[in-house]
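The values are calculated or read from the model by the stated rules, or taken from the named source; none is laboratory data. All of these numbers come straight from a predicted model, not from anything done at the bench. Here Cβ is always computed from backbone atoms with ideal geometry, including for glycine, and neighbour counts include all displayed protein chains. Heads up: the accessible areas ignore ligands, DNA and RNA and are worked out on the full protein's heavy atoms, side chains in. Shrake-Rupley method; radii C 1.70, N 1.55, O 1.52, S 1.80 Å.
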Amino acid sequence: AGEAQRVALARALANNPPLVLCDEPTGNLDTASSAIVMDALRDVQKQTGTTVIIVTHDMDVASQCDRVITLVDGHIAEDVDPRSSVQMAAVKMLRDKRATGEMRKVDVEEVQ
């Protein structure tokens, strides 16, 4: 899945678009593959100036973005810098719990 995701990203970037829209780009990936995809998206944004918009339910992914806009029922509920101390503490807690097996990653399909 990680390789397929990287190929899809390469295809999307082939024509140097000014905007890339990503819907759950790490949704079906393991942690290592997710990191590779997020690193690639950050590199593209920094090197080419391409705007990257990511839609995700994963707070770990969201915490790596420059800006997080939370929608509730189609309306903006929150617009924050994810690097705030409270947000970073919450993400660290989630990572720690996942690393120890105390909390498993839940698929969106399981919740619906």
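Points to keep in mind about this one:
- Scanning region 1-26 for residues that are open to solvent by less than 80 Å² (accessible area, probe 1.4 Å) and either free of Cβ contacts under 8 Å to residues at least 24 places away in the same chain or of a type in the set (Phe, Trp, Tyr) (or both) gives ALA4, VAL7, ALA8, ALA10, ALA12, ALA14.
Results for (1) at pLDDT below 90; (2) of a type in the set (Ser, Thr, Tyr); (3) out of contact with any Gly (no Cβ under 9 Å at 6 or more places or on another chain), shown as yes or no for each residue.
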position	(1), (2), (3)
GLU3	yes, no, yes
ALA10	yes, no, yes
PRO18	no, no, no
ILE54	no, no, yes
SER63	yes, yes, yes
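- Residue selected from region 27-51 under the condition in contact with a strand residue (DSSP E or B) (Cβ under 7 Å, 6 or more places away or on another chain) and surrounded by fewer than 17 Cβ atoms within 10 Å (Cβ to Cβ), by the criterion nearest to GLU3 (Cα to Cα): GLN45
- Checked across region 63-86, the condition of being closer than 22 Å to GLN5 by Cβ, out of contact with any Pro (no Cβ under 7 Å at 6 or more places or on another chain) and aliphatic (A, V, I, L, M) holds for no residue.
- Residues that are open to solvent by 70 Å² or more (accessible area, probe 1.4 Å), in a strand (DSSP E or B) and either polar (S, T, N, Q) or free of Cβ contacts under 8 Å to residues at least 12 places away in the same chain (or both), drawn from region 52-78: ILE69, LEU71, VAL72, HIS75, ILE76, GLU78
- Selection within region 42-52 - of a type outside the set (S, T, N, Q) and touching a helix residue (DSSP H, G or I) at 6+ places or on another chain (Cβ under 7 Å): VAL44, VAL52
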